[in-house]
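The values are calculated or read from the model by the stated rules, or taken from the named source; none is laboratory data. Quantities reported herein were computed from a predicted structural model and do not represent experimental measurements. Cβ: placed from backbone, ideal geometry, glycine included. Neighbour counts: every protein chain shown. Note: areas computed on protein heavy atoms with side chains; ligands, DNA, RNA excluded. Shrake-Rupley method; radii C 1.70, N 1.55, O 1.52, S 1.80 Å.
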Amino acid sequence: MHKKQSRDIVLFILGGVVLYFLSGVVDELRVYQGATIAVYVIAISSIILLTGYSGQVSLGHGALMAVGAYAAAVAHIELKLPIILCFVIAVLASAVGGALLGAAAARLSGPYLAGTTLALAIGLPSLANQFGVLGGEQGLLFDVGFPPLSLGEEFTQYKWFFWIAGLAALISMWAIKNILGSRYGRTWRAIRGNDVAAQLCGINIARSKILAFTISAGIAGLAGALLSMTIGTVSPSAFPLALSFSLLTGAVLSGITTLAGAMIGAVVLVAIPEIADVVAHRIGSSERVTTNLPGFLVSALLIVTVLFVPNGPVEQHRARKAKHLASQK
Amino acid sequence: MDLLNTFLIGITAGTIYALMAISMVLVWRSTRVVNFAQAGMALLSTYFGYEAVTRLESFWIALPVAMIGGALVAALVEMILIRLLVKHSTSGPIAGVAPIIATLGLLGVIRSISAMIWGGQDLRIVGPVSNDGFTINATTLVFSPLKLLILVTVLVLMLILSVIFQKTNIGLALRASAYAPEIARLSGIKVDWVRTLGWALAGATGAVAGMFQTVNGNGTLSPDSIEFSLLLVSGFIAAVIGGLDSLIGAVIGGLVLGLMISFVLMYVSSGLFFIAPFVILLTILFIRPQGVFGAKAARRA
């Protein structure tokens with residue numbers, strides 16, 4: 001176990017180095033998309049932790065991301081805190097929100113929970129219009145500042161975003177991986193597998209479920225703060241219901257229990273608008289089709305995945321291999 | 001006067017939510033799926049209704065057109081999507097959430113297809129009668145002939161539905177398949193087709209909700225309209241208040257929700273338009289997690 005862990009750390013550092021060199025050779029747009037992918041990786045892994053491991057559904061993670069983003073922006077503007085502290089505050093604030101929601105969620109299951117979080121996703125962003133400090137429909141500016149001069153003249157803003165988001169993604173993936181491998185991760189899987197049996201083993205179901213919600217919300221809050229960093233502002237329109245849905249889509253595409261797959265979902269979510277653009281261009285369709293094609297593709301992909309590769313491509317491959325091995329014996 | 005106005009607005013909105021809740025309950029009873037795409041299906045049916053209104057210039061022809069369209073769409077969805085879903089995604093960690101995810105995907109597909117066909121702009125559906133308030137003793141009420149008409153139509157529909165369920169063989173088959181599918185199958189009921197029928201009924205009911213929600217709002221229809229976001233959430237909340245399993249519960253849930261939202265908007269703050277339903281839902285689930293009319297076991301399904 002110890003050996004494996006140190007191997008993982010090496011892998012994560014290697015990943016960081018590869019990303020570092022990549023960010024040097026590709027053009028600005030790709031770097032920006034890279035930052036977005038990193039943000040989605042974080043957000044999707046928070047869903048994987050919650051849905052894949054603790055078995056709870058949330059359609060409200062877009063709202064929790066909004067909580068994190070607003071917390072970071074307010075901390076930055078009103079309290080003038082350094083940017084790294086703002087991200088910490090984003091995590092804490094949304095974790096508190098998640099704990100409250102989790103306390104409600106622990107009493108609910110399946111469709112009830114889905115509907116409650118859905119209502120939250122629709123309702124919460126509109127609250128921003130109620131409080132002056134949150135800046136209403138226009139939202140707040142969230143500016144992390146220029147990259148430090150020590151990185152050189154050539155270092156662009158987008159590359160700076162990418163660095164921050166990439167580093168955050170690596171750190172949070174590493175943290176989630178460890179949490180899932182720990183006692184808590186096993187507890188969640190036990191509950192998802194059979195809650196009565198888990199309870200008989202002395203697991204406090206409600207407490208573990210709330211804990212899962214809290215951690216997942218904290219990670220989502222970090223993703224929210226990073227997302228608004230790349231956009232530059234925090235406003236209700238940045239966190240629509242569609243965001244919550246795409247996160248869920250990303251998690252299902254990744255394989256709802258495969259943390260390492262979060263990358264797949266994130267890349268697909270960023271790539272789909274591009275693909276849709278190319279397709280729409282090819283078939284020379286009208287503006288209506290062009291604007292709605294990405295949404296259509298995401299949703300259609302979601303349905304197809306749930307129907308035919310319900311547990312994700314990685315898991316599917318593993319299952320097929322296991323079957324193959326079994327038949328050879 | 002404010003009190004009366006608020007009450008009447010709440011009741012009218014409530015009957016529409018009740019229709020939506022009924023369609024969700026019908027789907028839940030027939031396939032044990034909470035259909036998050038119900039509002040999307042209602043949207044699509046309302047677009048059918050819009051086409052009929054613009055061509056034939058009669059709301060009363062458009063309404064059945066929308067209903068038939070909605071029923072066909074729902075039946076197709078059940079035959080293609082839900083049957084596949086039941087067959088494929090029954091094992092592994094995804095099993096518990098697969099229906100939810102699939103219907104959400106369906107919602108996205110329907111929305112983007114409607115937007116592709118009809119565009120994102122507002123389309124106007126003219127109601128059958130005016131939405132200007134009645135005037136009594138020189139004070140104008142918010143309650144209008146249109147709202148009265150909606151109330152009456154919805155009540156008639158509910159009556160028809162309850163007669164179907166309580167007095168006909170089809171209703172008996174629907175109830176039996178929901179209650180005990182295996183035994184129903186043994187007694188010669190074609191459970192699969194009964195399920196499709198349940199979805200079709202739900203589609204038709206949702207279509208009426210969509211049409212009325214549009215004319216009762218500002219009369220415009222667009223894929224992103226606030227009315228349909230509200231319909232999506234309110235229908236679900238009303239159904240949950242009613243316990244997801246009971247038609248009467250759905251009706252009462254809808255009315256209660258409509259009244260509560262209307263009173264909150266009037267007496268607390270009109271800015272709480274979207275957050276009020278959430279708070280109401282949380283409050284109710286905290287007091288009774290299985291819904292006000294739900295049986296104790298309903299929560300677990």
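Points worth noting:
- Stokes-Einstein D (µm²/s) once Rh is taken as the Kirkwood radius of the range A:52-161 over alpha-carbon pairs, at 4 °C in 1.567 mPa s: 82
- Note on the range A:10-111: Cα-only Rg and Dmax are 16.8, 50 Å.
- Percentage, to the nearest whole number, of Cα pairs in the range B:2-300 over 25 Å apart: 47
- Residues of the range A:31-59 that bury at least 10 Å² of accessible area once all protein chains are present, compared with their chain alone (1.4 Å probe, heavy atoms only, ligands and nucleic acids left out), are A:Thr51, A:Val57, A:Leu59.
- The protein assembly as shown: mean projected area of Cα convex hull, nm²: 33.0
- Long-range Cα-Cα pairs in the range B:1-121 (distance over 21 Å), rounded percent: 50
- Overall, the protein assembly as shown carries a charge dipole of about 2800 debye about its Cα centre when +1 sits on the Cβ of Lys and Arg and -1 on the Cβ of Asp and Glu, all other atoms neutral.
- Within the accessible area of chain A, the carbon and sulfur atoms contribute 68%, probe 1.4 Å, all protein chains present.
- Dipole orientation for the range B:2-300: of the candidates B:Thr135, B:Leu26, B:Pro223, B:Leu26 has the Cα lying most toward the positive pole (charges on Cβ; Lys, Arg +1; Asp, Glu -1).
- Shape call, the range A:119-220: gyration tensor on alpha carbons, a/c limit 1.5: oblate
- For the range A:97-129, residues shielded by at least 50 square angstrom of accessible area compared with the chain on its own, probe 1.4 Å: A:Arg107, A:Pro111, A:Tyr112, A:Thr116, A:Leu118, A:Ala119, A:Ile122
- Förster-model FRET efficiency, 35 Å R0, A:Phe131 and A:Gln157, C-beta, rounded to 0.05: 0.75
- In the range B:96-143, comparing the full protein assembly with the chain on its own, the residues that lose 50 Å² or more of accessible surface at a 1.4 Å probe are B:Val97, B:Ile100, B:Ile101, B:Leu104, B:Val109, B:Met116.
- Accessible surface of chain B, 1.4 Å probe, proportion on carbon and sulfur as whole %: 69
- Per residue, the solvent-accessible area of chain A (1.4 Å probe, heavy atoms of protein chains only, all protein chains present) comes to 46 Å².
- Computed on the range B:232-272, the Cα convex hull volume stands at 52 Å³ per residue.
- Note on chain A: GNM, Cα springs under 10 Å; of A:Arg207, A:Arg189, A:Arg282, the largest mean-square fluctuation is that of A:Arg282.
- Over the range A:26-241, the fraction of Cα-Cα pairs per 10 Å bin, rounded to whole percents and listed from the shortest bin up, is 9, 33, 33, 18, 6, 1, 0.
- Straight-distance crosslink candidates among aspartates and glutamates, where the alpha carbon sits under 15 Å from B:Lys87 and sequence neighbours closer than 8 are dropped: B:Glu78, B:Asp192
- Positive-end ranking of A:Gly68, A:Pro147, A:Gly97 along the dipole of chain A, with charges on Cβ about the Cα centre, is headed by A:Gly97.
- Accessible surface buried upon B-A contact (total; probe 1.4 Å; Å², nearest 100): 4200
- Projecting the Cα atoms of B:Val251, B:Ala180, B:Trp199 onto the charge dipole of the protein assembly as shown, computed from C-beta unit charges around the Cα centre, puts B:Ala180 farthest toward the positive end.
- For the range B:2-300, the solvent-accessible area with a 1.4 angstrom probe is 40 square angstrom per residue.
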